[in-house]
Amino acid sequence: MRLTAAIKAAPTVGFIWSDGPTGYSIKYAWRTTSSDGQERIVLVTDRRIGANSTSWPTGTGATADAEFTVIDMRIDGKGLGEARMSLTSPVVVDRGANTLALDGSANAPALLKVTR
């Protein structure tokens with residue numbers, strides 16, 4: 001898949017560390033703030049988060065078996081929010097925002113809570 005190859009070839013821009021001995025390279029990061037102060041942050045890792053774990057749900061769709069993970073976070077002005085991931089939703093191109101997104105993000109389960 002061309003998207004997977006492009007993600008793996010991209011430079012690392014950061015890391016997500018887990019409880020275990022390994023982390024995940026962030027290969028893509030995008031951020032915007034809406035007029036109401038809500039932030040949207042999209043991160044893409046080079047590996048599937050929790051690929052060796054049974055604690056994450058598995059989804060269906062074009063990217064359910066992808067080797068990468070797209071994380072789409074929405075955070076309010078107080079620093080509270082949640083994140084959805086491509087573990088349960090297919091990845092699409094959000095042409096309006098010029099970034100990757102989750103298809104049907106509003107209906108996808110929130111897999112992470114964001115707090116400050």
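General remarks:
- In region 15-51, the residues that are part of a strand (DSSP E or B) and free of Cβ contacts under 8 Å to residues at least 24 places away in the same chain: F15, W17, G23, S25, I26, A29, R31, T33
- Per-region count, region 47-92, residues modelled with pLDDT of 90 or more and of a type in the set (S, T, Y): 2
- You will find that of T4, T22, the residue that is more than 17 Å from R74 (Cβ to Cβ), surrounded by 13 or more Cβ atoms within 10 Å (Cβ to Cβ) and at pLDDT below 90 is T4 and no other.
- Checked against (1) farther than 17 Å from L3 by Cβ; (2) at pLDDT 95 or above; (3) among the hydrophobic types (A, V, I, L, M, F, W, C), W30 meets all criteria but (1).
- Checked against the criterion of being touching a residue at least 24 places away in the same chain (Cβ under 8 Å), among the aliphatic types (A, V, I, L, M) and surrounded by fewer than 18 Cβ atoms within 10 Å (Cβ to Cβ), region 81-94 has no qualifying residue.
- Checking each residue in region 80-97 for being in a loop (DSSP other than H, G, I, E, B) and over 18 Å from Q38 (Cα atoms) picks out S86, L87, T88, S89, P90, R95.
The values are calculated or read from the model by the stated rules, or taken from the named source; none is laboratory data. Quick caveat, the model's predicted, so the values are computed rather than measured. Counting neighbours? That spans all protein chains shown, and the Cβs are built from the backbone with ideal geometry, glycine included.
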